[in-house]
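Down below is the structure, laid out as structure tokens.
Quick note: the coordinates plus some simple rules give every number you see, no bench work behind them. Everything numeric in this text was worked out from a predicted model, so none of it was measured. Backbone-built Cβ (ideal geometry, glycine too); neighbour counts: all protein chains shown.
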Amino acid sequence: MHISFLIHNAFGFGGTIRTTINLANALAEQHDVEIVSVHRHRDSPVFPVHPQVGLRHLVDLRKGTPGYEGDLPEYRSPAAVFPKSETQYPHYSALTDQRIAHHLSTLTSDVIVGTRPGLNAHICLQAKQGPLRVGQEHLTFHNHPRPLRRALRRLYPRLDMLTTTTLADADTYRKHMTLPGVRIEAFPNPVPAPLSAPPGSRDKAVVAAGRLVPTKRYDLLIRAFDRVRADRPDWVLRIFGPGIGGGHGAQLQRLIEELGLEKHASLMGAVSPLETEWLKAGLAASASDHESFGMTIVEAMRCGVPVVSTDCPLGPREIISDGIDGRLVPMGDEEALAQNLLELINSDELRQRMAEAARISSARYEPALIAARFADTCAQLTRQRGTNGALKTVARRTRGSVIGAAYGVKDAVKRRFN
């Protein structure tokens, strides 16, 4: 099967990029896979791409190179197809309209996969008949502004399948969108196992990772860690992620200094791969007000690190079994976050037991498992379309599907470690 992904910028840094490349790499073991990046701003991608995965771009934005296209008049003209209410609209133009339209009109793949709403819109409007049309949602339904949700209600019925990263968000789309004939499935983000074994001993460090933006609530985590420091000054907090020189990053650095935490809390900047830091971490934390999935939570768990996370919508509660392989605390509760961190810091036995449970339960996010289910679902939909003459599959709930078996691992871990 030939599967083609359409992504905003495969050469950047971010969860959607990492997830797309992880899935493409796993699919490439059995299928013909390519990633088509609308934009390219550097020579090489940040995340490693399987040698069997084709990678190409539509618009070259590498300044100082002969192929640079940022000065073309079409690039400076506004886009007409990409939805104006999509957050990435400022990065799209008449030039991207033209290039994406040409790409979709000449594509010969069996499956075309869009990786954000604006690109899904292009696929709905411009993909030629033939390829299975799959739209991925890496953000949640309620993350989208109302004008975008209205536009997607008109466009998404043209898809063959719509995927979300959580069961809860799949249910939300079923509830709030009428998509006859569109299969709605939840595919959690694939996360590979660490390439290296954990060291014999871990650092006395709480690690958090992600963009330095307000919704991640690093301010809450820093204040909670100030409480931790009072009892356990031998532990440190390390926060990894891009944005260290930006406005919010500067605010976080000022908070660290105001609390006198310069020797105990550090903004480390972006690091790739982050695996080496997870393997050294004693504990992980996530204080977010919102997580469409929780990629860094799974990455930590795959490296045998238990996570203390806020119970925010939507992903953490589907990833963490509270009290078994991590802890869930009320959103915005600084005291609860500090107390749970301290309890695990103060008990080596509890922390090690949760670490083992985290390593086992997170195996359900192995890319090969998710890729196999994704490919099987696409093949099934293609057969149905061939049999019926048109793809009009009634959208059905995911809990009875193969993903139920994957999520069943979580229940097995509960039984083992309770």
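From the P(r) of the range 205-363, can you give the percent of Cα pairs sitting at distances over 23 Å? Provide the component values of the computation, followed by the final result.
Working: 3541 of 12561 pairs.
That fraction is 28 percent.
Compute the acute angle (0 to 90°) between the alpha-carbon long axis of helix 15-27 and the principal axis of greatest extent of the alpha-carbon atoms of the chain; round to the nearest 10°.
The answer is roughly 70 degrees.
With +1 on the Cβ of every Lys and Arg and -1 on the Cβ of every Asp and Glu, and nothing else charged, how large is the dipole of the range 98-234 about its Cα centre, in debye rounded to the nearest 20? Working shown, then result.
On the way: 22 positive and 11 negative charges, 111 e Å.
About 540 debye.
Determine the relative contact order of the range 205-363: mean sequence separation of Cα pairs under 8 Å and six or more apart, normalised by residue count, in whole percent. Write out the running numbers ahead of the final one.
Details: 302 pairs, mean separation 37.7, N = 159.
After rounding, I find 24 percent.
Dividing the alpha-carbon Rg of the range 2-186 by 2.2 N^0.38 Å yields what? Can you show the working numbers first?
Values: Rg = 15.9 Å, N = 185, 2.2 N^0.38 = 16.0 Å.
Dividing the Cα Rg of the range 2-186 by 2.2 N^0.38 Å gives 0.99.
If you line up the long axis of helix 367-388 against the longest principal axis of the chain, both from Cα atoms, how many degrees apart are they, to the nearest 10?
30
With contacts defined as alpha carbon pairs under 8 Å and 6 or more residues apart, what's the relative contact order of the range 2-186 in percent?
Numbers: 351 pairs, mean separation 31.1, N = 185.
Value for the range 2-186: 17 percent.
What order do you get for 267-275, 359-367 when each peptide is scored by the mean count of other beta carbon atoms within 10 Å, highest first? Can you show the working numbers first?
Working: 267-275: 15.8, 359-367: 21.2.
Ranked by mean Cβ neighbours within 10 Å, highest first: 359-367, 267-275.
Would you mind checking the tilt of helix 348-361 against the longest principal axis of the Cα atoms of the chain, expressed as 0 to 90 degrees and rounded to 10?
10
Looking at this model, which pairs from Lys63/Lys280; Lys63/Lys84; Lys63/Lys128; Lys63/Lys263; Lys84/Lys175 are more than 30 angstrom apart at the alpha-carbon?
Numbers: Lys63/Lys280 37 Å; Lys63/Lys84 26 Å; Lys63/Lys128 33 Å; Lys63/Lys263 39 Å; Lys84/Lys175 25 Å.
Checking Cα-Cα distances, Lys63/Lys280; Lys63/Lys128; Lys63/Lys263 exceed 30 Å.
From largest to smallest, what semi-axes in whole angstrom does the chain give when each is the square root of 5 times an eigenvalue of its alpha carbon gyration tensor?
With the √(5λ) rule applied to the chain, the semi-axes are 37, 25, 19 Å.
Based only on the alpha carbon positions, what is the Kirkwood hydrodynamic radius of the range 285-345, in angstrom? Present the calculation step by step, with values, prior to reporting the outcome.
Values: mean 1/r = 0.0892 Å⁻¹.
Hydrodynamic radius (Kirkwood, Cα only) of the range 285-345 equals 11.2 Å.
Using helices alone, I'd like the mean residue ellipticity at 222 nm for the chain: each DSSP H run of four-plus residues gives -39500 (n - 2.57), total over residue count, nearest 500. Walk me through the numbers on the way to the answer.
Details: 14 runs with 164 residues, N = 418.
Mean residue ellipticity at 222 nm (helix-derived): -12000 deg cm²/dmol.
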